[in-house]
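Step one of this worksheet: look at the structure below.
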Amino acid sequence: MARLDENLSKQNKVKAIEEMIQIVLLRIPKEVEAMHFYKKAAEKSTTKEAQELFLSLAQQEKGHEAELRRILQDLKEELKNIKGDLS
Amino acid sequence: MKREDVRNYNGEDGKPAYIIYDGKVYDVTESRLWKKGKHMGRHKAGEDMTSFISMAPHDARVLEKVKYVCDLEDDELVEEKNEKLRAFYRKYHPHPIFIHYPMGILYFGAFMLLLWILTGNKSFELSSYYGLIAGTLSVYPAILSGLLSWYINYEKTLTVIFKNKLIFSGLLVVISTIISVLRIFLGDMLFESNLYYLYIIGYFLTIPVMTFIAYNGGRITWPD
Ligand code: HEM
């Protein structure tokens, strides 16, 4: 019985991680798109200040993307481990 | 050093800890902020930190305090290759283009079929037949371009949304192909046999199946 409960809570955990994976995954292209936009805006800027601002915003989006990819990787790893335990 | 060589210097098991920043390799073994190759519980030695700098509470000048090892040998990053593919996809966005064909044509065809059933006018049946053929053929580019985007932009990660899209796309192919074959090879004989019901049901079934795929597509572009 204890084993069953344990498996059940693990299944809930699997579900929660899978949901989280989807949330993070769908956000990544948005960050890429935002970075692309700021880079373009920087290229088209007419003043140095605007260009610097847009480049720094582009850098931030790159950071978000990298961070999300790292989180995604960790989540996938965690999911693999839990699923390995279940079977 | 090459990127894969740096990966071994992860600071674990007494190994030195190296990191990459902007094409250069640095030794952070001595840094108390990189104990056992771990930094702030989220970064690992052996990896490229370039993209993360904007998320850090410090700027790149911190690297002046650690030992520079060497420049990274030129390599084409997998990430760079992916970025090229993503740029290609962004520029031509084939999926949102191709999906309009099956969506438009099959809806139109089903509507013609309905008019034929209601009025008995054979021209409507012929229109629905042509709609079916064109619609069925146009499902393929829609699916292939969807797979392409899934591959390029989502690294083939299988989530509920993508499972839905894949399963129901398979179903759509099966249904639309079967009823096309029935209509092409049986012609008017179809309407005198019991397969007629299969044809009608199959045809109308393509609509909710396709709409469900499209709905799941919208969830990708506009996540809630
Ligand atoms: C006949 C089959 C399909 C139809 C009718 C369809 C329809 C749609 C629709 C309506 C959208 C939203 C488009 C927008 O943002 O304006 C979408 C997006 C998307 N679909 Fe599909 N889809 C189909 C098959 C597939 C398949 C098989 C895959 C791959 C697993 C796929 C992957 C995607 C992706 C990744 C997106 C996000 C937008 C993009 O990356 O271009 N689709 N789809």
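FYI, it's all coordinate maths here, none of it is from the lab. All values reported here derive from a predicted model rather than from experimental measurement. Counting neighbours? That spans all protein chains shown, and the Cβs are built from the backbone with ideal geometry, glycine included.
The 3J(HN,Hα) values that the Karplus relation (6.51, -1.76, 1.60; θ = phi - 60°) gives for segment B:4-10 are, in residue order, 5, 5, 4, 3, 5, 7, 9 Hz. Gly and Pro appear as x. The residues packed around A:Lys30, meaning those with a beta-carbon under 10 Å from its beta-carbon, carry a net charge of -3 if Lys and Arg are +1 and Asp and Glu are -1.
Taking amide H as placed 1.01 Å from N in the peptide plane, B:Lys67 has its amide H under 5 Å from the amide H of B:Asp27, each at least 5 places away in sequence or on another chain.
Across B:Gly104, B:Gly41, B:Gly170, mean-square fluctuation computed from a Gaussian network of chain B (C-alpha pairs under 10 Å connected) peaks at B:Gly41. By the gyration tensor of its Cα atoms, with a ≥ b ≥ c the square roots of the eigenvalues, what is the shape of segment B:3-71: rounded for a/c under 1.5, prolate for a/b over b/c, or oblate? Judged from the Cα gyration tensor, segment B:3-71 comes out rounded (a/c under 1.5). For the residue pairs A:Lys15/B:Lys35; A:Lys15/B:Lys156; A:Lys15/B:Lys15; A:Lys62/B:Lys24; A:Lys76/B:Lys91, the alpha carbons lie more than 26 Å apart in A:Lys15/B:Lys35; A:Lys15/B:Lys15; A:Lys76/B:Lys91. The label-point distance for B:Lys15 and A:Lys48, in a model that sets each label 7 Å from Cα toward Cβ, rounds to 4.5 nm. Projected label points at B:Ile133 and B:Asn82, each 7 Å from Cα along the beta carbon direction, are separated by 4.4 nanometres. Its convex hull of Cα atoms gives segment A:14-86 a direction-averaged projected area, equal to a quarter of the hull surface, of 4.6 nm². Ratio of Rg to Rh for the protein assembly as shown: 1.13 [Cα atoms; Kirkwood radius as inverse mean 1/r over pairs]. In order along segment B:207-219, the phi-based Karplus estimate (6.51 cos²θ - 1.76 cosθ + 1.60, θ = phi - 60°) of 3J(HN,Hα) comes to 5, x, 4, 5, 5, 5, 5, 5, 4, 5, x, x, 5 Hz; Gly and Pro are listed as x. Spin-label model, A:Ser56/A:Lys13: points 7 Å from Cα along the beta carbon direction are separated by 4.2 nm. One way to sum up the overall shape of segment B:83-221 is the equivalent ellipsoid from its Cα gyration tensor, whose semi-axes run 32, 14, 12 Å, largest first.
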